[in-house]
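First comes the structure, then the notes that go with it.
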Amino acid sequence: MALLLGRGPLPLLGIAAPVVRTTRGRRASTGLLPSLSASDRGETTDDEFFQGDARPILLFDGVCNMCNGGVRFVTNNDRNRRIRYEPLQSQAGRKLLVRSGRSPDDISSMVLVEKDRSYIKSEALRRIMEYLDLPFPLLAQLLNLVPLFMRDFAYDNVANNRYLIFGKSETGSCDL
């Protein structure tokens with residue numbers, strides 16, 4: 001089941017929904033997401049987070065120095081402010097994780113939450129690049145040439161060593 005929830009966009013539906021994984025535009029595999037009850041999904045998060053503001057939300061590890069630096073980089077390259085931010089550890093972040101089909105304590109990956117989908121790992125990174133100023137949308141298209149399993153392998157290796165390499169924030173949250 002972890003493999004089904006660990007890749008690509010996740011539909012946010014109340015019934016079991018087919019998940020189609022693609023590699024370079026081709027169908028790779030199909031699976032089913034488990035049905036979540038409205039309270040487990042955090043059904044109110046649609047109204048709470050996307051009513052009046054349809055911009056996607058980037059969930060990030062708020063104590064990770066590398067992640068905080070990444071958020072600053074995204075902020076500096078998003079002149080039109082197309083992305084909002086929320087630490088994974090916050091109450092809102094935890095609700096959005098559950099809404100995305102992940103454990104509320106899972107800080108293993110950044111998550112980009114759109115109104116009807118969520119992206120994790122390298123797909124989240126690629127999707128974020130599409131929202132940024134030039135040349136990043138073009139670079140995102142180049143990333144599509146690299147197979148998802150290779151991108152996620154590289155992402156996982158960096159993510160699993162992020163505290164060792166970059167350390168943790170003393171203050172415990174990003175300075176946005």
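Here is how the numbers come out for the structure above:
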| item | result |
| --- | --- |
| Yes/no for Ala92 being modelled with pLDDT under 95 and farther than 30 Å from Pro147 by Cβ | yes |
| Exclusive hit being closer than 25 Å to Gly167 by Cβ and either at pLDDT 50 or above or not charged (D, E, K, R) (or both), set Leu58, Leu5, Leu10 | Leu58 |
| Residues of the range 61-75 satisfying the condition of being hydrophobic (A, V, I, L, M, F, W, C) and touching a residue at least 24 places away in the same chain (Cβ under 8 Å) | Val63, Cys64, Met66, Cys67, Val71, Val74 |
| Some residue of the range 130-146 being in contact with a Phe, Trp or Tyr (Cβ under 8 Å, 6 or more places away or on another chain), modelled with pLDDT of 95 or more and closer than 19 Å to Leu59 by Cβ | yes |
| Residue match in the range 94-101 (condition: in contact with an Asp or Glu (Cβ under 7 Å, 6 or more places away or on another chain) and closer than 20 Å to Ser122 by Cβ) | yes |
| Close pairs from the range 76-92: first exposed (fewer than 10 other Cβ atoms within 10 Å of the Cβ), partner of a type in the set (S, T, N, Q) and part of a helix (DSSP H, G or I), Cβ under 9 Å, at least 6 apart | Arg81/Thr75 |
| Test: residue in the range 131-138 that is assigned to a loop (DSSP other than H, G, I, E, B) and free of Cβ contacts under 8 Å to residues at least 12 places away in the same chain | yes |
| Residue within the range 143-165 that is buried (at least 18 other Cβ atoms within 10 Å of the Cβ) and part of a strand (DSSP E or B) present | no |
| Residue in the range 110-130 that is buried (at least 20 other Cβ atoms within 10 Å of the Cβ), part of a loop (DSSP other than H, G, I, E, B), under 14 Å from the mean Cα position of the chain (by Cα) and among the hydrophobic types (A, V, I, L, M, F, W, C) present | yes |
| Residues satisfying the stated conditions in the range 26-55, i.e. of a type in the set (Lys, Arg), over 21 Å from Ser103 (Cα atoms) and modelled with pLDDT under 90 | Arg26, Arg27 |
| Selected residue [closer than 14 Å to Leu59 by Cα, in contact with a helix residue (DSSP H, G or I) (Cβ under 7 Å, 6 or more places away or on another chain), of a type in the set (D, E, K, R) and at pLDDT 95 or above] from Lys121, Lys115 | Lys121 |
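The values are calculated or read from the model by the stated rules, or taken from the named source; none is laboratory data. Quantities reported herein were computed from a predicted structural model and do not represent experimental measurements. All Cβ positions, glycine included, derive from the backbone under ideal geometry; neighbour counts span all protein chains shown.
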